[in-house]
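Notes follow the structure.
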Amino acid sequence: MPIFNGSLVFQPAPGQPVRPSPQALIGLGPIVPLQVGIPKSLASILQAASQPIPPPVPGIGIVDTGAGSSCVDDGVVQKLGIQPVGVANVGTAGGLQTKATYPARFLFPGTNLPSMEFTSLIGADLSSFSTPGSPQLLIALIGRDILSRFVLVYNGAQGMFTLAY
């Protein structure tokens, strides 16, 4: 069973040990290293046409138990050249919105979590979300559709979380 143990730390004072921080986990939430790539089916089409296959875009994904569907940043799918395949009506804090959907592939570098192919991820503008303490950009929300395949343990008291597949 592949397992990813995550924790967040605030920069400790000089001479202090580095430890997981409940405050850091509260501030940012459970984040996972993530790359968004084109789906294998699109890579095959590009390869057959002797077209270059764009490399996956690196960033982070945040586990969002409030999101029923996972989302990918609009700028990332544009950078990859992925065209929308449909639209979805999405309930947000700002009300009902119509969003484009995209096929994509999630890879989890530095973990033993399996890559995942999607025929329809919701596009979202995630560029306004800050990720304090992380040099990487937020490029995806990991919603309950993905979490339904995992066991999630959120240990807030210790500032840690675990995803098991």
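The values are calculated or read from the model by the stated rules, or taken from the named source; none is laboratory data. All values derive from a computational prediction rather than experimental measurement. Note: ideal-geometry Cβ built from the backbone for every residue, glycine included; neighbour counts use all protein chains shown.
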Check your understanding: Looking at region 23-42, which of its residues are more than 13 Å from the chain's Cα centre (by Cα) and part of a loop (DSSP other than H, G, I, E, B)?
Key -> I38, P39
Revision key, fill the gap. Output for Cβ contacts, cut-off 6 Å, separation at least six or different chains, first residue within 17 Å of P33 (Cα to Cα) in region 141-165, second among the acidic types (D, E) and at pLDDT 90 or above, reads L141/D64; G143/D64
Study note, to complete from the structure: Subset of region 40-99, residues charged (D, E, K, R) and within 20 Å of G29 (Cβ to Cβ), comes to D64, D73
Practice item. Working only within region 66-90, note down all residues that are among the charged types (D, E, K, R), within 16 Å of S128 (Cβ to Cβ) and part of a helix (DSSP H, G or I). Key: D74
Study note, to complete from the structure: Of the residues in region 13-42 that are closer than 14 Å to A104 by Cβ and touching a Gly at 6+ places or on another chain (Cβ under 8 Å), the one that is surrounded by the fewest Cβ atoms within 10 Å (Cβ to Cβ) is Q35
Practice item. State all residues of region 91-133 that are at pLDDT below 85, of a type in the set (G, A, S) and either part of a strand (DSSP E or B) or surrounded by 15 or more Cβ atoms within 10 Å (Cβ to Cβ) (or both); if no residue qualifies, say none. Key: G91, G95
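Please verify whether K79 is within 19 Å of R149 (Cβ to Cβ), of a type in the set (K, R) and surrounded by fewer than 19 Cβ atoms within 10 Å (Cβ to Cβ), treating the condition exactly as stated.
no
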Study note, to complete from the structure: By residue number, the members of region 136-152 that are of a type outside the set (K, R), within 17 Å of T162 (Cα to Cα) and part of a loop (DSSP other than H, G, I, E, B) are G143, S148, F150
**Study point:** The listed residue being within 21 Å of the chain's Cα centre (by Cα), of a type in the set (A, V, I, L, M), more than 27 Å from L121 (Cα to Cα) and at pLDDT below 85, out of V9, V18
**Key:** V9
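Taking the condition outside any strand (DSSP E or B), loosely packed, with under 15 Cβ neighbours inside 10 Å and without any contact (Cβ under 8 Å) to a residue 40 or more places away in the chain, does Q51 pass? Can you show your working first?
Working: outside any strand (DSSP E or B): yes; loosely packed, with under 15 Cβ neighbours inside 10 Å: yes; without any contact (Cβ under 8 Å) to a residue 40 or more places away in the chain: yes.
For Q51, the condition - outside any strand (DSSP E or B), loosely packed, with under 15 Cβ neighbours inside 10 Å and without any contact (Cβ under 8 Å) to a residue 40 or more places away in the chain - is met.
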